[in-house]
Every structure is written in C-alpha cells, then in structure tokens.
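A short worksheet on the structure shown next.
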Amino acid sequence: MSNVPHRLSPVTVRLRGQHSGGHLAVIEIVVSAGAAGPPLYVHPQHTECFYILDGELEVQVGEAVVTGSAGRFFFAPLGTAHTFANFSGRDARMLVLCTPAGFEAYFDQLAVGGSASPPAGYALAVGPHIRRSQCEAAIARDEGPAAIARSDPGRGETR
C-alpha cells in the first residue's frame, strides 16, 4: 500500500484492488484550503463515493452543489458528473471510494507529486470547476442536502 505524501495535498491509498479482489479501492486525500479541485467529470468505468473526515468541502453530484462537513457522505454513480472544491480557510480530509477498483493508479501519481493524468477512459471532463458563486446560489435557493434527497432519491448525498 502507498503512503507517499503529495507536495501540495497528502494522498494515501488505503486499499487497493489487488487486496479487494478488484472490488474496491479506498484513498485518503487532504484537500488543501482554497483548492479548486478537479473540473466537473464523469467516470464511465466506476462509481465514486466521498466521505468527509475533517473540514468542509463543496461537492457537486449531478446538478446539486452542497457544502459538506465531517461525517457527510456523497455517492456519484457510474456516469454521473461530479467534482469537489475546498473554499474554506483550512484543509479538509476525505476518503474516496472507487468501485470497482482500478482508479487508484491515478492517486498513486498524485501521491508522488507527479503530473497526474487518469488512465485512458477512466475520467472524462464534462464541465468547469465549482465556483464559490454556485455554492452561494444553491444556499439561497435552499438546495442543501435535503434538496438532493428530494430531487434524486438514492443518488447524491446521504447522511
């Protein structure tokens, strides 16, 4: 298992596909304060989940943008656009779960501080980064966690 810190954000692969029969990869990431995160993307080959361990992140799953803090879980089914950002003033930690496994090779690149590019066909950018104004607009429209549950049962964010 990898435990090599990234120059900007520590990344640790906690469980690899080779240790789970290819079913699951678990990665712990520290998202630096002010980090824009990746652009909006989809995974055509795996489902991705985020569990916030510490701090606060803005997470977009589908059209919904939600501010999540420690204990919040987000589910992005295969083919569903999603991303995250850290607009807070402090670092945040989260677990990323990928099923089936295989995407952890991308996180290995991040862990050694290399130029990270996802394996071909594993992540497709479909939109821009989250903007702080999107988060403020979602709050103004009362599109917090309950709105995700109302609009898309079984997907998105759960508590």
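We did not get these values from a lab; they are worked out from the coordinates using the rules stated. These figures come from a predicted structure and were not determined experimentally. Cβ sites come from the backbone with ideal geometry, for glycine too, and all protein chains shown count toward neighbours.
By counting other Cβ atoms within 10 Å of each Cβ, how are R93, R16 ranked from fewest to most? Please report the intermediate quantities before stating the final value.
On the way: R93 17, R16 20.
Result, fewest neighbours first: R93, R16.
Taking the Cβ of each residue in C98, C49 as the centre, tally the other Cβ atoms inside 10 Å and list the residues starting with the fewest.
Working: C98 24, C49 20.
The most exposed by this proxy come first: C49, C98.
Rounded to a whole number, what is D in µm²/s for the range 47-130 from Stokes-Einstein with the Kirkwood radius over alpha-carbon pairs (10 °C, 1.306 mPa s)? It would help to have the intermediate numbers written out before the result.
On the way: Rh = 13.7 Å.
Translational diffusion coefficient: 116 µm²/s.
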Exposure proxy check: H23, H46, H82 ranked by fewest other beta carbons within 10 Å? H23, H46, H82
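Taking the range 58-108, which GluC sites (Glu not before Pro) meet the DSSP loop condition and have no more than 16 other C-beta atoms within 10 Å?
Numbers: sites: E58, E63, E104; in loops: E63.
Of the GluC sites (Glu not before Pro), the ones in loops of the range 58-108 whose Cβ has at most 16 other Cβ atoms within 10 Å are E63.
Taking Rh as the Kirkwood radius computed over C-alpha pairs, what is the Stokes-Einstein D of the range 41-88 at 37 °C in a medium of viscosity 0.692 mPa s, expressed in µm² per second? Don't skip to the answer; put the middle values down first.
On the way: Rh = 10.8 Å.
Answer from the Stokes-Einstein relation: 303 µm²/s.
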